[in-house]
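J.: Handing you this structure, nothing more for now.
The values are calculated or read from the model by the stated rules, or taken from the named source; none is laboratory data. Because the structure is predicted, anything quoted here is derived from the model rather than measured. Positions of Cβ are generated from backbone atoms using ideal geometry, with glycine treated the same way; all protein chains shown enter the neighbour counts. With ligands, DNA and RNA removed, areas are computed over all heavy atoms of the protein, side chains included. Shrake-Rupley method; radii C 1.70, N 1.55, O 1.52, S 1.80 Å.
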Amino acid sequence: MRSETDVVVIGAGQAGLSSAYFLRRSGLEFVVLDGNSGPGGAWQHRWPSLRLDKVHGFHDLPGMAFHEQDEHRMASEVVAEYFARYERTFDLPVHRPVEVLAVRDAGPRLLVETTGATWAARAVINATGTWTRPFWPHYPGQETFTGRQLHTADYRTAEEFRGQHVLVVGGGTSAVQLLIEIADFARGTTWVTRRPPVFQDVEFNPELGREAVAKVDRRVRAGLPPASVVSVTGLVRTPQVRDAQARGILTRKPMFDRITRTGVVWADGTEQRVDVILWATGFRAALDHLAPLHLREPGGGIRMDGTRVVAEPRLHLVGYGPSASTIGANRAGRAAVREIRQLLTTRPAQIAAAS
């Protein structure tokens, strides 16, 4: 079955719902296709121990304040409730669960192919985020390890590591948070990162935020993949982090050389026996369904101008690159809809309805 609409939004997380809000106000016809079974975007999959008081920088969706008062509730539950209320309040046409398989150029329209219907859209806003694309680096001997390996996306509770030695790989905020949690239950922990972690003694403020966004924006305008958040902002030295440093939990080691059946070995021959390897190595943008559009630059990224893809002006990536934050996604959603409305108004002949 093929349906037609002005705009298809792919994804109903913060970026997708923000875009849908501004589309509703614009008067354009649109649908939102979400691969999850319920509201909440990636937040509904976060580990149960991630409470609101541990969340950094969650921002209101446009038009509705986030009023949760109990900071000890699970972030996954609270945000899912908030997103569901938001969808109902603004009567957003979210279809779920819908898996988008491909987006193709069909002349005057873009075809969004799903496991069910095909949507012919005059423009597409992609807001698929990164949660479905956990990044697993490969190291020699990885397949021989007899212990347990898991990614941040698979983490549920620190108690399951009771009495075990856990190796945490990664230099981001999630790695630090999970190390601190796990240390209270594990027999021992080891932290390894590619680069020495940089802890900031100043709180993250709007000025630092603008600087970080500008650095990422320069990369995507050049067609390079977005840099990780921590590589731009550093790690915040919160009271919890200071306590963990004093306890020796955040003593970092460089990356190991190879993995053995029972642990890891560094280049100098030093070996550490471990029971678990937790890969807190981040995520990559979930953009495989855009492959038929051939958007990748030689540098490996997608060349952007704001939220607009330079090679395909009918396509906007919201929640990608400089807009990959809760407040950034809100601003990007508004900007994307403004550009799309202008495009559909000024170029009706080129992007008229397909026959």
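J.: Compute the relative contact order of the chain as a whole-number percentage, counting only Cα pairs closer than 8 Å that sit 6 or more residues apart in sequence.
T.: 24 percent
J.: Here's another thing I want to ask about it. Counting helices only, and only those DSSP H runs with n ≥ 4, report the 222 nm mean residue ellipticity of the chain as the sum of -39,500 (n - 2.57) divided by its residues, in deg cm²/dmol to the nearest 500.
T.: -8000 deg cm²/dmol
J.: While we're on this one: Could you go through the stretch 128-144 in sequence order and give the Karplus-derived ³J(HN,Hα) for each residue, using 6.51 cos²θ - 1.76 cosθ + 1.60 with θ = phi - 60°, rounded to whole Hz, and x for Gly and Pro?
T.: Whole-Hz 3J(HN,Hα) from phi for the stretch 128-144: 8, x, 9, 4, 7, 10, x, 9, 10, x, 10, 10, x, x, 4, 6, 8.
J.: Follow-up question, since we're still on this one. Rounded to the nearest 0.05, what FRET efficiency is calculated for Thr251 and Asp201 with R0 set to 25 Å and r the Cβ-Cβ distance?
T.: The pair Thr251/Asp201 has a calculated efficiency of 0.85.
J.: Please get the size of the charge dipole for the chain, origin at its Cα centre, with Cβ charges of +1 on Lys and Arg and -1 on Asp and Glu, quoted in debye to the nearest 20.
T.: 720 debye
J.: For the charge dipole of the chain, defined by +1 on Lys and Arg C-beta atoms and -1 on Asp and Glu C-beta atoms about the Cα centroid, which residue among Trp279, Ser19, Pro226 has the Cα displaced farthest towards the positive pole?
T.: Pro226
J.: Taking Cα pairs under 8 Å and at least six residues apart, what relative contact order does the stretch 35-168 come out at, in percent?
T.: That works out to 24 percent.
J.: Same structure, new question: Which percentage, to the nearest 5, of the DSSP beta bridges contained in the chain is antiparallel?
T.: Of all bridge pairs located within the chain, approximately 40 percent are antiparallel.
J.: Same structure again: How much accessible area does Asp288 have with a 1.4 Å probe, in Å² rounded to the nearest 10?
T.: That residue has around 100 Å² of solvent-accessible surface.
J.: Two decimals is fine: what is log10 I(q)/I(0) at q = 0.10 Å⁻¹ for the stretch 1-155, from a Debye sum with one equal scatterer on every Cα and no solvent?
T.: The Debye formula, applied to the Cα set alone, gives -0.44.
J.: At a Förster radius of 25 Å, what calculated FRET efficiency corresponds to the Cβ-Cβ distance of Leu101 and Thr346, to the nearest 0.05?
T.: 0.20
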